[in-house]
Structures are given as structure tokens and as C-alpha cells.
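Below is one structure, written out as C-alpha cells; the observations come after it.
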Amino acid sequence: MKGDTPEIAAEALKTGRLVMLPTETVYGLAADASNPQAVARIFEAKGRPRFNPLIAHVANALDAEMIAVFDERARALAEAFWPGPLTIVAPVRDRERVCDLARAGLDSVAVRVPGHPRARAVIAAFGGAVVAPSANRSGRPSPTTFDDALEETGQSVGAAVDGGPCAVGVESTVVSVLDGRVALLRPGSVTREEIEAVVGPLAEEDGQGHRSPGRLALHYAPDAPVRIEAEAAKDGEILLGFGPAIGDPRWSLSPNGDLREAAANLFRLLREADRTRPVGIAVSPIPHKGLGEAINDRLRRAAGFVG
């Protein structure tokens, strides 16, 4: 399937259809955030639980503040990291622009200005907020290429925009800015340290995880069982290595031990390894610092561990 233009995708959104949307993080399955029927089609296409809120993607920070109530710290985070892979959860301002189903009935809303220019072009042409969870079937590894996105949920879309391989490769960082506190709900490529450099020490999460997507215990999982912190592969396993001279170079997340390269390759290699129908997929130890926090979060959930 050849990719559609942002204008064609915007027209599909306006008529309540779903759209395959490229972002810098992963490919999304997009719908008009204000249209409950369109949003319901996302949950149906993905097999996603309806208690799991969706992220509203907007074209710029001004549009975000039409949806959410930002305080000074939320504005500082937006200025520092938007457009880019950071989602801010804040009190909802306009419940019509992001419908109740998209917010899972919460009094907060998750908003982001994506960094991918084609995503922003679609959103700008559409003229409203777009919810766009990852374009995988619920629980599966997120797609980071156009072909993988089409394989997962392409049969459900009215248009599909090809934006090339996703540069980041893991879903956005999610922070809540609620009740005077800033907490990290989901790690991503905007790291804990980078956020704290803007707003100071983060608060404990304090039970707000339900306000973020991607927090199910088993998530991002291929069909083959995943074993993490593996020093070597067992018989029949494929080892996704990290660092010099670890495993088959074809399956290396990063031969040089680069965390950003590992994040960009993570879901693609999980999916490619799974296609070979291995006994299991083993993954080398990944440092937990910086972006490694997000990579290990995804791997723990792929292995079925609560993170």
C-alpha cells in the first residue's frame, strides 16, 4: 500500500475514519479525539481495554492549552520538549475536544505535540486534536515501520501516511502535572534527568499510573516468551544483544552500547525475531540509567513483569 498524503488523511479523520499516523516515537492509529464513535473504532481495532486513556495529539502548545489546564511547570516542560516525545497529563479544560471515552472518564487529559513533521501536517490539516495510540493490536510490540503498522491494524484504516522508520522507537515519556506535583508515569526518551533539570525533583507516582497508557503488566509482547537480563541464549532462543561482540550482529540492539540506537531498534527486532518462531527471545542486560529506564520498562512488560 502506498502512503497517503496528510490532506487525504485529514479528510478521513473528518469523516470519522481511522488513520495510520507516523510519529517520531511509534506509528499511531489515529482518530478524531472529539468523536466518540471514531474513538470507539480504535478500541475495537486494537482490542484495547476501555479503561486505558488515550493521548491527544495537537499541532502546537496553544492548542494543547485549549484542551488542558497548564500551570507554570507544565508550560516549562512544553517549552523545553515540544514538539517531541513528551506527553503531559493535566486537568482537562474542554471535555468536548477530547471526549470522555478517549480520557477513560478521567478528569485529566494527556496531551502531546509530536515531533514528526508529517504527524503535525495531518493534525494541522485536520484542525483539531487527534488521539493516536500505537498502531498495534493491544499487548503486541508497537510498530516502528510503516509496513509493520499496516500488518498490525492496516485493515482498519481509511488512510495511511508513510513517515519512514520511527527515529525514537519507544512511546513518549508521560508526566503528570496535577495538584501541584510533577510525577513520571511512563518513562521514555525524554529522561527522568532531563525532566528534573526543568522542574526539579519529581514526586512519587502516588497512584496516578491509571492516567497513563501503556501500564498494563503484559504489554509490548511478541508471541515468543521474552527473557530479560540474559547473559547468553538458550537452545532455540534468539539473543538480542547490547554492546560489542555480544551475540549475532544481526540481532544486536546496539553493537556500540548506544541506548538511543537500542531504543530505535527494540520493537523492530522483537517483531523480526518473533517472525522466525523461536523457542524464546532473550535480551542482554541494558543499563537502567537515562533512556535505559524506558527500554527496561518495555522489556519488563514484554516479559510479563509489572514495572
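Computed from the coordinates by the stated procedures, all read-outs in this text should not be read as laboratory data. Nothing here was measured: the structure is a model prediction, and the numbers come from that model. Reconstructed Cβ throughout: ideal geometry from the backbone, glycine too, with neighbour counts over all protein chains shown.
Between Glu194 and Glu72, the contour length at 0.36 nm per residue exceeds the Cα-Cα span by 42.2 nm. Structure remark: mean-square fluctuation, Gaussian network model of the chain, C-alpha springs under 10 Å; the largest value among Ala64, Ala233, Ala132 belongs to Ala233. For region 133-166, backbone nitrogen atoms closer than 19 Å to the point 7 Å from Thr15 Cα along Cα-to-C-beta are found at 154-162.
Compared with the alpha-carbon gap, the fully stretched path from Glu229 to His288 is longer by 20.1 nm at 0.36 nm per residue.
A Förster radius of 35 Å combined with the Cβ-Cβ distance from Leu106 to Val279 puts the calculated FRET efficiency at roughly 0.30.
Take every DSSP beta bridge with both residues inside the chain and express the antiparallel ones as a percent of the total, to the nearest 5.
50
Annotation: the antiparallel percentage among DSSP beta bridges lying fully within region 178-305 is about 10.
Considering only Thr145, Val92, Val113, the residue lying farthest towards the positive end of the dipole of region 82-183 is Val92, judged by Cα position with unit charges set on Cβ. The peptide list 28-34, 283-289, 83-89, put in order of mean Cβ contacts within 10 Å with the highest first, becomes 28-34, 83-89, 283-289. Note on the chain: helix-only mean residue ellipticity at 222 nm, from DSSP H runs of 4+ residues weighted -39500 (n - 2.57) and normalised by residue number, equals -8500 deg cm²/dmol.
Let me check against my output: what whole-number percent is the relative contact order of the chain, with C-alpha pairs under 8 Å and at least 6 apart?
21
I want the local charge near Thr173. Using Cβ-Cβ distances under 10 Å, sum +1 for each Lys or Arg and -1 for each Asp or Glu among the other residues. Net local charge, Thr173 excluded: 0.
Take the Cα of Glu79, step 7 Å toward its Cβ, do the same at Ala245, and the gap between the two points is 5.0 nm.
Backbone geometry of region 47-56 corresponds, through the Karplus equation with coefficients 6.51, -1.76 and 1.60 at θ = phi - 60°, to 3J(HN,Hα) couplings of x, 8, x, 7, 7, 9, x, 10, 8, 8 Hz, x marking Gly and Pro.
Answer rounded, prolate or oblate for region 7-65, using the Cα gyration tensor with square roots of eigenvalues a ≥ b ≥ c: rounded when a/c is under 1.5, else prolate when a/b is larger than b/c, else oblate. It comes out rounded by the Cα gyration axes. Taken along the Cα-to-beta-carbon direction at a fixed 7 Å, the label points for Asn60 and Arg95 span 2.9 nm.
Computed from the Cβ-Cβ distance with R0 of 30 Å, the FRET efficiency linking Ala203 to Arg137 stands at 0.35. Counting lysine pairs in the chain whose alpha carbons fall under 30 angstrom apart, excluding pairs fewer than 8 residues apart on the same chain, gives 4.
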